[in-house]
Structures are given as C-alpha cells and as structure tokens.
1. Give me the pairs: first residue in region 61-75 and in a helix (DSSP H, G or I), second residue loosely packed, with under 12 Cβ neighbours inside 10 Å and not aromatic (Phe, Trp, Tyr), beta-carbon distance under 7 Å, and six or more apart or on different chains, which are they?
2. I need the full set of residues from region 1-20 which are surrounded by 13 or more Cβ atoms within 10 Å (Cβ to Cβ) and either hydrophobic (A, V, I, L, M, F, W, C) or in contact (Cβ under 8 Å) with a residue 60 or more places away in the chain (or both), in order please.
3. Checking ALA40 against (1) buried (at least 17 other Cβ atoms within 10 Å of the Cβ); (2) not charged (D, E, K, R); (3) not in a helix (DSSP H, G or I), only one condition comes out false. Which one?
4. Determine, yes or no, whether GLU31 is farther than 20 Å from ASP3 by Cα, open to solvent by 70 Å² or more (accessible area, probe 1.4 Å) and more than 14 Å from the chain's Cα centre (by Cα).
5. For residues that are part of a helix (DSSP H, G or I) and farther than 21 Å from THR48 by Cα, scanning just region 17-28, find the one that is nearest to the chain's Cα centre (by Cα).
6. Which residues, taken from region 43-60, are part of a helix (DSSP H, G or I), among the polar types (S, T, N, Q), over 11 Å from the mean Cα position of the chain (by Cα) and exposed (fewer than 12 other Cβ atoms within 10 Å of the Cβ)?
Amino acid sequence: MSDIDRLIKLQRESDTEHAELAGLVGEKHREQWKRWREAAEAVQTAITEAAGEDENRYELEARVKKAARHPELEG
C-alpha cells in the first residue's frame with residue numbers, strides 16, 4: 001500500500017467515525033466523538049509525517065480529502 005493509499009484509508013476511517021455521530025446523544029455521543037477524534041488525530045499526524053519538508057502539508061491534506069471523499073474524480 002502506497003503512502004497516499006494509506007492516507008486515503010485513514011481519512012475514510014475518520015469520515016466514517018464522524019458520520020456515526022449522527023443522531024447520538026449523551027454517553028453514546030461522547031464515546032463516538034472520542035473515536036472520531038482519535039481517528040482524525042491519526043490522519044492528521046500521518047499527513048504531517050508524510051509531507052515532511054518536501055511537500056506542502058495543506059496541499060497534501062486537500063488531495064487526500066478529495067481522493068477519500070470523491071474517488072470518482074480520481075483518474
């Protein structure tokens with residue numbers, strides 16, 4: 001699995017955890033929010049590490065999010 005594929009996978013996992021928040025309240029919402037936050041932190045850390053000094057971190061993040069959320073645009 002390439003670095004970009006790994007980043008896309010992490011972003012999709014984060015997006016899935018975020019979507020699971022819909023309709024939850026109370027303790028279930030807090031627990032799911034924690035899972036989403038941890039997934040979001042993991043993808044942010046991985047993007048920062050992958051960008052290093054050679055690539056603009058924000059451009060890489062935008063590419064990852066676009067590819068994760070709109071795979072039909074990849075070609």
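The values are calculated or read from the model by the stated rules, or taken from the named source; none is laboratory data. No experiment lies behind these values; they were computed from the predicted model shown. Please note: Cβ atoms are built from the backbone with ideal geometry, for glycine as well, and neighbour counts cover all protein chains shown. Ligands, DNA and RNA are excluded from the accessible area calculation, which covers all protein heavy atoms including side chains. Shrake-Rupley method; radii C 1.70, N 1.55, O 1.52, S 1.80 Å.
1. LYS66/LEU73; ALA67/GLU74
2. ILE4, LEU7, ILE8, LEU10, listed by residue number.
3. (3) is the only condition that ALA40 fails.
4. For GLU31, the condition - farther than 20 Å from ASP3 by Cα, open to solvent by 70 Å² or more (accessible area, probe 1.4 Å) and more than 14 Å from the chain's Cα centre (by Cα) - is met.
5. Only one residue tops the list, namely ALA19.
6. Residues satisfying the conditions do not exist here.
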